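J.: Mind having a look at this structure? Questions to follow.
The values are calculated or read from the model by the stated rules, or taken from the named source; none is laboratory data. In this text the structure is predicted, and so the values were computed from the model without any measurement. In this analysis, Cβ positions are derived from the backbone assuming ideal geometry, glycine residues included, and neighbour counts consider all displayed protein chains. The protein model used for the area step is the full one, side chains on, heavy atoms only, and it has no ligands, DNA or RNA in it. Shrake-Rupley method; radii C 1.70, N 1.55, O 1.52, S 1.80 Å.
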Amino acid sequence: MTKAEILQRVQAGLVLAQTLGDPLSRSWRKSIGPALKELEAEGCIKRLKVGEWIGYALPDWQMSPAELLAYILGKCRVDRETGCHVWAGSTNGRQGPLTYIPGGKPKTSVRRRVWEATTGKQLTTSDVLLPRCGDPACVAFDHIAKTKRGQSQKGKKLTWVTRMRQAIGRKQRSHISDDVVRQLRAFEGTNRQAAERFGISKAAVQGIRSGRNRREYAANGIFTQLIERKAA
Ligand SMILES: [Zn+2]
């Protein structure tokens, strides 16, 4: 098989290496292998992993939505009773089922790819997909619930680590200095007076005074406010 013949095959779509010949054969070593290497070096084709197989495609090639869904389904165990497509590959606690998609990004969320390939729409970073059925490994489109970041957390009890992270984030984003926060806590007037005095909004005053915002944390993660209150 010549370089031109291989390129022609690849131009028609993804080509699995074993369909070009036996990688252990003499003809592979003599002609097919070197031709593939040259085409790759010239930037005419790219080499990619397709599950356990090696494939070749044009540099800008991407799986079609139908191919992608078939590829993903091939890596799932389908539960006929529940309708769940249980992902057999790696799963991350926070991101859920993850996969390498031939021609795609290194590691990507299976559920997000299923949703995009099925609907033809693009998700944004604020979109969160959760399994309606409650199985963290399920990637079935019919079982996906789409919400917005933040909403998925509503009504859930947050751990103190999460609360602490959120408080640190708010503090870093805040334009109100620690000094003002301290003065504000010692201030004896009304919220409106405090807002005028420190040049900040009434909402910000309320948040800080109620202890909802800008809570200080000690190194051990315990609210220092709590300690102060107990000590008082
Ligand atoms: Zn399910």
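J.: Restricting attention to region 47-89, report how many residues are touching a helix residue (DSSP H, G or I) at 6+ places or on another chain (Cβ under 7 Å), more than 14 Å from residue 20 (Cβ to Cβ) and either of a type outside the set (Gly, Ala, Ser) or without any contact (Cβ under 8 Å) to a residue 24 or more places away in the chain (or both).
T.: 9
J.: Let me ask you something else. Are there helices (runs of 4 or more DSSP H) fully within region 129-232 with at least 3 residues that are more than 30 Å from residue 74 (Cα to Cα), of a type in the set (Gly, Ala, Ser) and at pLDDT 70 or above? List them. Write out each step before concluding.
T.: Details: elements: 160-173, 178-186, 191-198, 202-209, 224-231.
Result: 202-209.
J.: Further question on the same structure: Between 36, 58, 69, which is farther than 17 Å from residue 136 by Cα, at pLDDT 90 or above and within 16 Å of the ligand (Cβ to nearest atom)?
T.: Unique residue meeting the criteria: 69.
J.: Only residues in region 19-34 that are closer than 13 Å to residue 54 by Cβ count as the first member; pair them with residues that are among the β-branched types (Val, Ile, Thr) and outside any loop (DSSP other than H, G, I, E, B), Cβ under 6 angstrom, at least 6 apart or cross-chain, and list the lot.
T.: 20/32; 21/32
J.: Among the residues of region 115-136 satisfying the criterion of being in contact with a strand residue (DSSP E or B) (Cβ under 8 Å, 6 or more places away or on another chain) and near the ligand (Cβ under 10 Å from one of its atoms), which is least open to solvent (accessible area, probe 1.4 Å)?
T.: 131
J.: What number of residues within region 72-96 are assigned to a helix (DSSP H, G or I) and either surrounded by fewer than 17 Cβ atoms within 10 Å (Cβ to Cβ) or more than 16 Å from the ligand (Cβ to nearest atom) (or both)?
T.: Within region 72-96, residues that are assigned to a helix (DSSP H, G or I) and either surrounded by fewer than 17 Cβ atoms within 10 Å (Cβ to Cβ) or more than 16 Å from the ligand (Cβ to nearest atom) (or both) number 1.
J.: Is it fair to say residue 112 is exposed (fewer than 13 other Cβ atoms within 10 Å of the Cβ), without any contact (Cβ under 8 Å) to a residue 60 or more places away in the chain and either within 16 Å of the ligand (Cβ to nearest atom) or among the hydroxyl-bearing types (Ser, Thr, Tyr) (or both)?
T.: no
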